[in-house]
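Input: a single structure, listed below in structure tokens.
The values are calculated or read from the model by the stated rules, or taken from the named source; none is laboratory data. What you see is a predicted model, and the numbers here were worked out from it, not measured in a lab. Here the Cβ is made from the backbone with ideal geometry for all residues, glycine too, and neighbour counts use every protein chain on show.
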Amino acid sequence: MKTLTVNPLDGSHILGRKFDRIITTYRDQIGDKFIHETIGTVKYSHNWVVIDTDDEICRYYASIVEKNFGVKLHWKSMWGGHVSVIRGEELLLNQDKWGQYKEGEEVVINYSHDIYTNGQHWWLNVKSKDISDLRTFYGLPENDRNIHLTIGRIG
């Protein structure tokens, strides 16, 4: 990340760029926990679906974890910055269309700046209509588990 660009009119800022687009903007909405927005792409891998996001988001929040908690995170997973959408779950609909729905398409993700951990993994909660639509297409509950953007893990 070379610079942090801030627009004084609306408070938006740019953390990085991917696909020649702004990948993270701040939306100052009172009471909205999911104030950050990013663009990612849908990728299928075996029986998983992930949204590929900008690594800079993970690097940025990993640096906050290290500064505030003294915990150094391994933030470069095999998929880089990502949101896991389907993790080997049994599909209830459209099994014959596996790998076709939104593959490679850009999707919008909103995420919270609140950092969560289970002691090993660290993440940001995510909300996205595109993710809900993808899960619904395959007959999976929209919110049966915590959809999140993985920051990193210890070790």
Looking at 39, 30, 35, which is the one that is surrounded by 11 or more Cβ atoms within 10 Å (Cβ to Cβ) and either within 24 Å of residue 118 (Cα to Cα) or modelled with pLDDT under 70 (or both)? 35
Of everything in segment 118-148, what is in a strand (DSSP E or B) and either touching a helix residue (DSSP H, G or I) at 6+ places or on another chain (Cβ under 7 Å) or free of Cβ contacts under 8 Å to residues at least 24 places away in the same chain (or both)? Give them in sequence order. 122, 124
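A quick yes/no check of all residues on (1) surrounded by 14 or more Cβ atoms within 10 Å (Cβ to Cβ); (2) of a type outside the set (Lys, Arg); (3) within 13 Å of residue 123 (Cα to Cα):
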| position | (1), (2), (3) |
| --- | --- |
| 59 | yes, no, yes |
| 70 | no, yes, no |
| 73 | yes, yes, yes |
| 78 | no, yes, no |
| 81 | yes, yes, yes |
| 84 | yes, yes, yes |
| 95 | no, yes, no |
| 98 | yes, yes, no |
